[in-house]
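Reviewing the structure listed below.
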Amino acid sequence: MAEEAKTTTKRSKPKFLRTDWHKKIRLGKGVKKNQKWHGAKGRQNKLRLNRKGRMQRPKIGWGADTKVKDFVSGMEAIRVKMLKTWKLLVKVLELLLQKLGPKRSLKLLQKQMR
């Protein structure tokens, strides 16, 4: 068998939310910033006991494959902070992540025009 090409997509994972997040505003009902995972600690909590029909819990197995780990929308992400890293980007198609200030972005654009 021939070697398979590196896939650039992660498998979709569920949103890990707190138990009863849909019941209270402080747990995330209507307020997205409050929708965070907090492990269940109650003695008879069905989520903690891994009962069927409950939400998924975060585990090591949900992580992305190491070949695809730092990809963003199918492209390898490289943070550009200096002109040196910009020169590396010209060779390979990659994604820019860092927000640059106006002074540096002008320098980059001027170098690109030449």
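Values in this text are rule-based calculations from the coordinates and carry no lab data. The shown structure was predicted, so the numbers you read here are calculated from the model rather than taken from an experiment. FYI the Cβ positions are ideal-geometry reconstructions off the backbone, even for glycines, and counts take in every protein chain you see.
Overview of results
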quantity: Residue-by-residue Karplus 3J(HN,Hα) for the range 33-38, coefficients 6.51, -1.76, 1.60, Hz, glycine and proline x; calculated: 5, 8, 7, 10, 7, 10
quantity: Mean Cβ neighbour count within 10 Å, used as a protection proxy, ranking 15-22, 29-36 highest first; calculated: 15-22, 29-36
quantity: Dimensions in Å of the range 15-63 - Rg and Dmax from alpha carbons; calculated: 11.3, 30
